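Only the coordinates and a few stated rules stand behind these numbers; no lab work does. As the structure is a prediction and not an experimental result, all values here were calculated from the model. Positions of Cβ are backbone-derived with ideal geometry, glycine not excepted, and every protein chain shown enters the neighbour counts.
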Amino acid sequence: MKKKPSNSKSGGSKRNTATYEEHSNWWGDGPVSVFLYDKRKKEAITNSNAQEILQFIKSSESVLHEPEALRIIRIDNEYSHPVLFVDTGKEVGLDFLDHLRMAGYRLAKWAENNSVKTLLIPSLKDDSEKKRCAILQGLCHASYTFDKYKSKKRKKVDIEYLFADDMEIDGNTLQVLFSGIDLAKNLINEAGNALTPAILTDIAQAIAQKHGLAIKIRRNKDLEKDGYNGILNVGRGSKNEPAMVTISYKPKYLNPVRMALVGKGITFDTGGISLKPQDKMHEMKCDMSGAAIVLAAIQIIAELKFPIKVDAILCLAENRPGENAMLPGDIFKAKNGKTVMVENTDAEGRLVLIDGLIEAAELGATHIIDIATLTGAIKRALGMSIGGLFSNSEGLALTIKESGAENGEKWWRMPLDEEYSEGLKDKVADLRNITDDGPGAITAALFLKEFVKEGLQWAHLDIAGVDFTASGYKYTEHGATAFGLKTIVETVRKYATDIYVQD
C-alpha cells in the first residue's frame, strides 16, 4: 500500500489537500466505502452521516473531481479508509431507479478501472427492495464483456461487495436474470458466420434439455408440410436452412393465462434481393435480437418456476440473395389462408413473424408478445432510448409499459390506426408486405395484426432502435443491449401472479 497522504489544518478540521494524481490508487488492498447522493438536489441516498458528509463535500478542498464520481479521503473520524462519492443524478431523463442502476454501473466500472477489491455499500435512506435491486442490477451490468475474439483479453477484477447487514439481497433471482441477459447479449453480439439458424437451434435445444422443456423443431420439410411459408420463403436463398423452434414451459400449477413469446431471428440480414446499402451492414448480425431475447426469457422463466404456461417461438432464417432467393413480386400463401405479395425482400422480419403468431394461436395462447428489430421507421420516430409498443389490448399494453418502467426500459404506445391498413392491400394478392409511403412502423404492425387470431390479446415490440449500440448507451459500452428482456420477464411474472391490468 502506498503511504497515506499527509493532512493540513484549516479552520480546525483536518483535510487532504493533495491532488488526484498524487493519490490515485493509494488505497491498495483496503476497502473503499460508498456514499450515494444526488449532487444536483443536494440529497443523500445512503444513510451514513448524510448531512455532515454533504456539508463536507460543499466546503472541503479535498474533493477530487473525476468524470464518473467524486472521491474524498477522510482521516480524522470513523472513515479511516477512502470514501467514494457517487452522484446518482448525473444522467438526464432517467427515473430514480434507473439513476441507481447507472450509479451502480459507474461504481463497478470505477472499481474495476482502479483495481479496487472491496467496496462497502451502506444501507439506503428510505430503503426498499426495488432500490437495492436497482443498484445490484447496475453492478451486474458492469461485469459483462464480449471479448471472445480478442487475442488479448481484458483482465477481470474480482470485486467483493460488502452490504450493510440490514440490506437483504435476493441473490438467486438476480443471478438467474443476469445469466439470461448475458445469454441474450452473447447471441446478439456473435458474428453471423458463427450463429446460423442451425447453430441457434442447437443452442435452444441444449437449453430446453437442461431445463426439462419440451421443444419442437421445424426445418424445411416440416415448414412446408405444416404450411409455414413465411420462414421458408425468407430463408430459401441461403445455404443455411431456416427453422422454427418452439420451446414450451408448462408447470404443474397453471394460471388461466397462457402466454406465447414470438421472436424474430434473422441471423444475418443482407436484405436479400432488395440488397441493403453496405454502410453498417455488419451490424445486421443483430437482426436476431428478438429470438435471442425470447430464448433467454423462457430460460429465466423456467429457472424461476413461474406458475404460468409459456411457449417461446423462434422464427429463424438467414436473409441472403442466392439462386433460390425470394424475389420481389413473389406471392405465397400463409398458414391462415391469406396470400402475401413480397414487394420488398428487405421487409422480411414481418414475413417470418406471421408464422410465429399463427403457431402461438394454435398452441392455445391467450396472450401473445412478439419482439423484433422490425423497422428503421421506429428508430427515426423514437430514437435509441425508447422502444415501440403496439397492442390490441389496453391491459396488456399497460402491463408492458409498467414492467418496462420498473426495469429501466422505456416504451411508447404507438397507434394501430386501421386507416393505414388500406395501403397494405394488394391488387393481385390479399396483402403486400410494404406500403408505398406512410408510417412504416405502424403499417408493419398492422401487417402483423392480420395474422393474429381474433380474440387474442397481442402486443408487438419493435426494438430496431434500442437493441444495439455502436457508441454506448446507459449500461452498455458497445453492442447488444438485450432491451426488452427484463420487460418481458416482468410482464410474464405479473400475469403469473395475477398482478396485471385487465381490459
Would you mind checking which residues have amide H under 5 Å from Arg258's amide H? H placed 1.01 Å from N; only 5 or more apart, or other chain.
Thr366, His367
Taking a cut-off of 16 Å between Cα atoms, list the lysines near Lys285, but don't count ones fewer than 8 places away on the same chain.
Lys148, Lys185, Lys264, Lys276
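How much mean residue ellipticity at 222 nm does the chain get from its helices, if each DSSP H run of length 4 or more adds -39500 (n - 2.57) and you divide by all residues, to the nearest 500 deg cm²/dmol?
Roughly -10000 deg cm²/dmol at 222 nm, from the helical runs in the chain.
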Calculated FRET value between Leu254 and Glu224, using beta carbons and R₀ = 41 Å, to 0.05:
0.80
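Return one quarter of the surface area of the convex hull spanned by the alpha-carbon atoms of the chain, equal to its mean projected area, in nm².
25.6
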Over the alpha-carbon set of the range 231-294, work out the extent along each principal axis and list the three values in angstrom, largest first.
50, 23, 15
Can you sort Arg40, Arg219, Arg432 so the residue with the fewest Cβ neighbours within 10 Å comes first?
Arg40, Arg219, Arg432
If you take the charge dipole of the range 149-190 about its Cα centre, with +1 on Lys and Arg Cβ and -1 on Asp and Glu Cβ, which of Thr173, Ile188, Leu162 is farthest toward its positive end?
Ile188
Calculated from backbone phi, Karplus (6.51, -1.76, 1.60) coupling profile of the range 139-156 in Hz, x at Gly/Pro:
4, 5, 4, 5, 7, 7, 8, 10, 10, 3, 9, 7, 5, 10, 7, 6, 5, 8
The long-range amide H neighbours of Phe163, using H built 1.01 Å from N in the peptide plane and a cut-off of under 5 Å, are Ile121
Taking a ≥ b ≥ c as the square roots of the Cα gyration tensor eigenvalues, with a/c under 1.5 meaning rounded and otherwise prolate when a/b beats b/c or oblate if not, the range 411-461 comes out oblate
Förster radius 41 Å - calculated FRET efficiency between Thr145 and Asp426, Cβ distance, rounded to 0.05:
0.30
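Arrange Met102, Met384 by Cβ neighbour counts within 10 Å, fewest through most, would you? Walk me through the intermediate numbers first.
Numbers: Met102 25, Met384 16.
Ascending number of Cβ neighbours within 10 Å: Met384, Met102.
Charges only on Cβ, +1 for Lys and Arg, -1 for Asp and Glu: so what's the dipole of the chain about the Cα centre, in debye to the nearest 20? Walk me through the intermediate numbers first.
Details: 66 positive and 69 negative charges, 283 e Å.
Computed charge dipole of the chain: roughly 1360 debye.
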Exposure proxy ranking, count of Cβ atoms within 10 Å, fewest first, for Tyr253, Tyr475
Tyr253, Tyr475
Using alpha carbon centers only, the range 190-254 is separated from the range 423-476 by a whole-angstrom value of 22
Give the lysines reachable from Lys42 as a straight Cα distance under 18 Å; neighbours fewer than 8 places away on the same chain don't count.
Lys58, Lys90, Lys125
Kirkwood radius from Cα pairs of the range 342-427 plugged into Stokes-Einstein at 4 °C, 1.567 mPa s, gives D in µm²/s equal to 87
Of Ile300, Val352, Pro415, which is farthest towards the positive pole of the chain's charge dipole, taken about the Cα centre with +1 and -1 on the beta-carbons of Lys, Arg and Asp, Glu respectively?
Ile300
How tilted is helix 440-449 with respect to the longest principal axis of the chain? Cα atoms for both, answer in degrees (0 to 90, nearest 10).
60
Taking a cut-off of 19 Å between Cα atoms, list the lysines near Lys155, but don't count ones fewer than 8 places away on the same chain.
Lys109, Lys117
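Share of Cα-Cα pairs in the range 379-503 beyond 25 Å, in percent?
Numbers: 2437 of 7750 pairs.
Cα-Cα pairs of the range 379-503 separated by over 25 Å account for 31 percent.
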In nm, to one decimal, how far is the Lys153 label point from the Asp126 one, both placed 7 Å along Cα→Cβ?
4.3
Calculate the tail of P(r) for the range 119-259: the fraction of all Cα-Cα distances greater than 26 Å, expressed in %.
50
Residue-wise HN-Hα coupling along the range 344-351, computed from phi with Karplus coefficients 6.51, -1.76, 1.60 (Hz; x: Gly, Pro)
9, 6, 8, 9, 8, x, 5, 6
What nm value, rounded to one decimal, do you get for the distance between Leu327 and Asp95 when each label is placed 7 Å out toward the C-beta?
5.2
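Compare the peptides 134-144, 194-204 by average per-residue count of other Cβ atoms within 10 angstrom and give them in order, highest first.
On the way: 134-144: 22.4, 194-204: 19.9.
Descending mean neighbour count gives 134-144, 194-204.
Counting other Cβ atoms within 10 Å of each Cβ, which GluC sites (Glu not before Pro) in the range 370-456 have at most 10 and sit in a DSSP loop? Spell out each step's value before the answer.
Values: sites: Glu394, Glu402, Glu406, Glu409, Glu418, Glu419, Glu422, Glu450, Glu454; in loops: Glu406, Glu409, Glu450, Glu454.
Answer by residue number: Glu454.
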Quick one: Karplus J couplings for the range 277-282, per residue in order, coefficients 6.51, -1.76, 1.60, θ = phi - 60°, nearest Hz, x for Gly and Pro?
x, 6, 4, 6, 4, 4
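So which GluC sites (Glu not before Pro) in the range 274-342 are both in a DSSP loop and have at most 12 other Cβ atoms within 10 Å of their Cβ? Please list the in-between numbers first.
Details: sites: Glu283, Glu303, Glu318, Glu323; in loops: Glu323.
Here the sparse-neighbourhood loop sites are Glu323.
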